[in-house]
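Take a look at the structure below.
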């Protein structure tokens, strides 16, 4: 994996454009950085390689993880507290989650909600039934989107729903609001500009960047600094092979076409920035998407053994299945649970293949090729306790416990080669909570900031739905404020 070597000012004949702050990328992180920098009085230029802004954020469902007692939480009758949010995020975003970033966001989350709504981001004041869906419904924006109610997290922090989904589940609506807000704040936007490398002076300070607009090279001077917000690297096969080769098995990248190719990360590395947690990713095994009843089934490995409580978040499932079970897992359900294609679900994306169907556990394990008496024993033990509303081995929440005793039984094939796991990368440039890029010694790279998926942020290793947009919008804001406050 080759870094993008910077260009020294001695190699620059002239600067074609001059600005105070240059923001590379115009997704949600870039838009929020541009808003704050421009509002602080800094002359701000956004360089976006597409024909418009938006990126992966615009293609999302617009789900933003916020808590601590937001107006939407209160309107739906839920109490929350920044300390409980902090405890939960430290547990679910680790191991080794960045305490300073988690603390700052937990304490600032209510303010961030007001900042977003103050710029026109709309939410509906309603709550989605946890046992029905984690996605919004008409008139309902609040939902559980992580493992808050699952063991062991419910014993670590008081559960609360923190998924705030933009009205109509539209990342496009969110990005339209944010891009307009950036321009209204005074930021200039150059589309069709592919940033290639940074420009540094003899002291190593980042003082600008080189971009290509069509066939023309454009050298931009940024007097206060450059903010990298170009996304992750899931579309860069070389970087994936270098940092996280096992993730190439997943098969379904979550990223805008042509984006998330690691360009900004490589620019930052070239200027001396440290890249950390580059093997971390949100790996989604969405076996309950559109059919929450599937959580009442049991997940087993190739030896017919349960290995997890089925009610943890879908990204927990993806990482555990891929990295601890070699991607060789099945969901066992009975006739009361099974639905070939749940109503309203995209069949091409979310229909799940069936490995085998049988009337008994013994027959099912034989059909799959599991060891004799393995799955049948697992089912017998699970059913005995589930009938009493107990799960002493994995502590699945009582509302999901149901004996699987209505044949036929089905083994849903969740092996990674047969059911593509969705993913996006979480690793990136090491930054302070305020966005300054740090080198391998922990010192700031002068003149350089990063935000969103170009940086290693709040979801350091673990993930909850809505946390990427939360991290992008909030870290973008922090970087924009910080860079604007830098002396020329």
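Test of understanding: express the Cα radius of gyration of the stretch 123-201 as a ratio to 2.2 N^0.38 Å, with N the residue count.
Details: Rg = 19.2 Å, N = 79, 2.2 N^0.38 = 11.6 Å.
Taking the Cα Rg and dividing by 2.2 N^0.38 Å, one obtains 1.65.
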* Asked: At q = 0.09, 0.14 Å⁻¹, what is the log10 ratio I(q)/I(0) for the stretch 26-180, with the Debye formula run over Cα points and no solvent?
  -> -0.31, -0.74
* Along the Cα-to-C-beta direction of residue 158, a point sits 7 Å from the Cα; which residues of the stretch 73-94 have their amide N less than 11 Å from that point? -> 78-85
* Asked: Roughly how tilted is helix 99-118, in degrees to the nearest 10 and between 0 and 90, from the longest Cα axis of the chain?
  -> 80
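Over all distinct Cα pairs, what is the inverse of the mean 1/r for the stretch 286-418, reported as the Kirkwood hydrodynamic radius in Å? Could you put the intermediate results ahead of the total?
Working: mean 1/r = 0.0682 Å⁻¹.
Roughly 14.7 Å, rounded to one decimal.
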* Asked: Which distance in nm do the two modelled labels at residue 385 and residue 16 give, with both placed 7 Å along the Cα-to-Cβ direction?
  -> 6.5
* Asked: For the stretch 353-425, what is the Kirkwood hydrodynamic radius in Å, using each pair of distinct C-alpha atoms?
  -> 13.8
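Full-extension gain between residue 167 and residue 114, please, as 0.36 nm times their residue separation minus the C-alpha to C-alpha distance. Before the final figure, lay out the partial values.
Details: separation 53, 0.36 × 53 = 19.08 nm, distance 1.54 nm.
Taking 0.36 nm per residue and subtracting the Cα distance, the gain is 17.5 nm.
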* Asked: How big is the stretch 204-243 on each of its three principal axes, counting only the C-alpha atoms and giving the largest first in Å?
  -> 35, 27, 17
* Structure fact -> Under the 7 Å Cα-to-Cβ spin-label approximation, residue 323 and residue 212 lie apart by a distance in nanometres of 3.5
* Structure fact -> Once normalised by the length of the chain, the mean sequence separation of its alpha carbon contacts under 8 Å that are 6 or more apart gives a contact order in percent of 24
* Which angle from 0 to 90°, rounded to the nearest 10, does the C-alpha axis of helix 374-386 make with the longest principal axis of the chain? -> 90
* To do: Run a plain Debye calculation on the chain (Cα atoms as equal point scatterers, no solvent) and give log10 I(q)/I(0) at q = 0.07 Å⁻¹, rounded to two decimals, same order as the q list.
  => -0.38
* Between residue 415 and residue 125, what FRET efficiency comes out of the Förster formula 1/(1 + (r/R0)^6) with R0 = 35 Å and r the beta carbon distance, rounded to 0.05? -> 0.25
* **Two-site FRET efficiency, residue 83 against residue 248, from Cβ-Cβ distance with R₀ of 56 Å, rounded to 0.05** => 0.90
* Asked: Compactness ratio of the stretch 41-110: Cα Rg over 2.2 N^0.38 Å, N = residue count?
  -> 1.48
* Structure fact -> The helix 171-184 Cα axis meets the longest alpha-carbon principal axis of the chain at an angle in degrees, between 0 and 90 and rounded to 10, of 20
* Assuming R0 = 25 Å, what is the FRET efficiency of residue 132 and residue 354, from their Cβ-Cβ distance, to the nearest 0.05? -> 0.55
* Inter-label distance for residue 238 and residue 2, nm, one decimal - labels placed 7 Å from Cα along Cα-to-Cβ -> 0.6
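In whole Å, what three semi-axes, largest first, describe the equivalent ellipsoid of the stretch 165-231 built from its Cα gyration tensor (square root of 5 times each eigenvalue)?
29, 14, 12
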* **Stretchable slack from residue 307 to residue 9, in nm (0.36 nm times residue separation minus alpha-carbon distance)** => 101.7 nm
* Asked: For residue 99 and residue 367 in the same chain, what is the full-extension length gain: residue separation times 0.36 nm, less their Cα-Cα distance, in nm?
  -> 91.7 nm
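Go through 58-64, 267-273 and give me the packing order, highest mean Cβ count within 10 Å leading.
Details: 58-64: 23.9, 267-273: 25.4.
Per-residue mean Cβ counts within 10 Å order the peptides as 267-273, 58-64.
Counting alpha carbon pairs within less than 8 Å and at least 6 residues apart, what relative contact order, in whole percent, applies to the stretch 410-474? Display every interim value, and only then the final one.
Details: 68 pairs, mean separation 18.0, N = 65.
So the answer I get is 28 percent.
No lab work stands behind these numbers, since they all come straight from the coordinates. Everything numeric here is computed off the predicted structure, so don't read it as measured data. Here Cβ is always computed from backbone atoms with ideal geometry, including for glycine, and neighbour counts include all displayed protein chains.
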